[in-house]
Structures are given as structure tokens and as C-alpha cells.
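J.: This is the structure I want to talk about, given as C-alpha cells.
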Amino acid sequence: MGDSNHTVTFYSSQSEIVMNVLERDGVCFSRQKYVVKKYEESAPIFVAAYSWFIKEAGKYIPKPIGAEYPYWAFMDLQSIEKSFDSRILKLSIPVNEAVFFDMYDWNKILRLQYIGETKADEIQFRKMIADYGVRQESDIILTNFYPDLKRYIQESWKRLFRHQEKIKAGNTSGVGSVQAGLWQLKKEWIYI
């Protein structure tokens, strides 16, 4: 992955609608309304997490015109959530088109949790909020009762990108499972 023109192989699960748009237009962008529709009653949690991701990921890879939400791609085929109405794509993605991170850190953000420097840091944080009488970290993010704790958790989310440069350079040591956020999908990236 070393130089900036290099490509990486990732996998992504996409619907027939996406496949049709790629075939027709050569490029496809994800929209917020699709995410809201997909996650229905859980949509507020996803919108909170995705909104944060969009703002921060744009600092690493600028969003092209037309992009709203990211597509997800995975280095490990086993990490893909398979669905009866989707197709698994094998993609060759230029490293400068992807924001790389640890899937397990992203899952903490989806649960609206604190991302610690270490496991011990996360345990200490949970003990601290328990002392405040808070049972769920998500309560901090979804309410306005704890503005300082909310900012503290959201600041910790920036650790999502702590592996970006080393993954981009080809080093995945210390990363649980590599995931990539893509502002777009391009037909030319698909392996035939």
C-alpha cells in the first residue's frame, strides 16, 4: 500500500440498485435517506454516528460532489454482512480514495461508546460514568444531560482514524479488522 497511487483489495456488499447505477453511470454515491430507510427505528443512532464520521472523514479524504454518506468496504471477506438481495464486490481501490480504520473502533461509535487509548482507559471511563450514575454511554450522546461527557466521548471518536496512515502504508499490525469508508463506488474498481 506504500505509494499514493497504489491500490488495495477490499470487499463490499451492494444492492442490485447500486449495481445498476454503477453499470449505467460508472459511479455511485450513497444517500442519507437510504441509511435512514435501512435502519428504520435505529436510524437516530446511525445518523448521529454517520454525521460525526462524515465531518471527520472529510478531513482525510474530501467528499466529492454528490457524496452524502460513505460506502463500507472490508479487507476481510468474513467481515461482510451478507444479505439475500445484495452482491459481494471485490474492489481494487486507490489508497487515496479510502479512509481506513479498525472495524471494532467503528462498532464502538455505532454503540455511541468511548474509544480509549487502551482497554484500561475504556474500563476507567466506564467506572467514571458509573460514578455519575450513568448506565449507558449512549444516554450521554442521545441526551443533553451531560454536555461535558458528550464532548469527551465524541473527542475520543477521533481515535477511529489513529491507524489511517499506517494502514495506508500497508501496515495492519495492531488493527483488529480493517474497514474502509468510501465516498463513492466506481465501476472501474470492480474486479471482473
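J.: Just need a number here: residues in the range 102-126 that are assigned to a loop (DSSP other than H, G, I, E, B) and small (Gly, Ala, Ser).
T.: Total satisfying the criteria: 1.
J.: Still on this model: As an exercise: evaluate Ser30 against (1) over 14 Å from the mean Cα position of the chain (by Cα); (2) surrounded by 14 or more Cβ atoms within 10 Å (Cβ to Cβ) and give the number of the one condition it does not meet.
T.: Single failed check for Ser30: (1).
J.: Right, something else. Out of Ile45, Ile80, I need the residue that is modelled with pLDDT under 90, out of contact with any helix residue (DSSP H, G or I) (no Cβ under 8 Å at 6 or more places or on another chain) and β-branched (Val, Ile, Thr). Which one?
T.: The unique qualifying residue is Ile80.
J.: Sticking with this structure for a sec: State whether the residues of the range 133-141 include one that is of a type in the set (Gly, Ala, Ser), under 30 Å from Asn96 (Cα atoms) and not in a helix (DSSP H, G or I).
T.: Initially, the range 133-141 is screened for residues of a type in the set (Gly, Ala, Ser), giving 133, 138.
Going one step further and asking which of them are under 30 Å from Asn96 (Cα atoms), we end up with none.
The answer is no, given that none of the residues of the range 133-141 is of a type in the set (Gly, Ala, Ser), under 30 Å from Asn96 (Cα atoms) and not in a helix (DSSP H, G or I).
J.: Turning to a different aspect of this structure: Could you list, in sequence order, the residues of the range 119-157 that are under 20 Å from the mean Cα position of the chain (by Cα) and polar (S, T, N, Q)?
T.: Ser138, Gln154, Ser156
J.: Now a separate question. Does Arg87 fit the bill of being over 20 Å from Tyr50 (Cβ atoms) and either part of a helix (DSSP H, G or I) or at pLDDT 95 or above (or both)?
T.: On the way: over 20 Å from Tyr50 (Cβ atoms): yes; either part of a helix (DSSP H, G or I) or at pLDDT 95 or above (or both): no.
In short, no.
J.: Sticking with this structure for a sec: Any chance the range 102-118 includes a residue that's without any contact (Cβ under 8 Å) to a residue 24 or more places away in the chain and farther than 26 Å from Ser13 by Cβ?
T.: yes
Quick grid of which residues meet (1) of a type outside the set (A, V, I, L, M); (2) surrounded by 20 or more Cβ atoms within 10 Å (Cβ to Cβ); (3) farther than 21 Å from Lys168 by Cβ:
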residue: Gly66; (1), (2), (3): yes, no, yes
residue: Met75; (1), (2), (3): no, no, no
residue: Gln78; (1), (2), (3): yes, no, yes
residue: Ser92; (1), (2), (3): yes, no, no
residue: Phe101; (1), (2), (3): yes, yes, no
residue: Tyr104; (1), (2), (3): yes, no, no
residue: Leu110; (1), (2), (3): no, no, yes
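J.: Go through (1) modelled with pLDDT under 95; (2) closer than 14 Å to Pro94 by Cβ; (3) out of contact with any Ser or Thr (no Cβ under 9 Å at 6 or more places or on another chain); (4) not hydrophobic (A, V, I, L, M, F, W, C) and name the single condition Lys186 misses.
T.: (1)
J.: Could I ask something else about it? Mind checking which residues of the range 172-192 are among the polar types (S, T, N, Q) and in contact (Cβ under 8 Å) with a residue 60 or more places away in the chain?
T.: Keep residues of the range 172-192 that are among the polar types (S, T, N, Q), which gives 172-173, 177, 179, 184.
Correct list: Thr172, Ser177, Gln179, Gln184.
The values are calculated or read from the model by the stated rules, or taken from the named source; none is laboratory data. Values in this document were obtained by computation on a predicted structure and should not be read as measured data. As a convention, Cβ positions derive from the backbone with ideal geometry for all residues, glycine included, and neighbour counts pool all protein chains shown.
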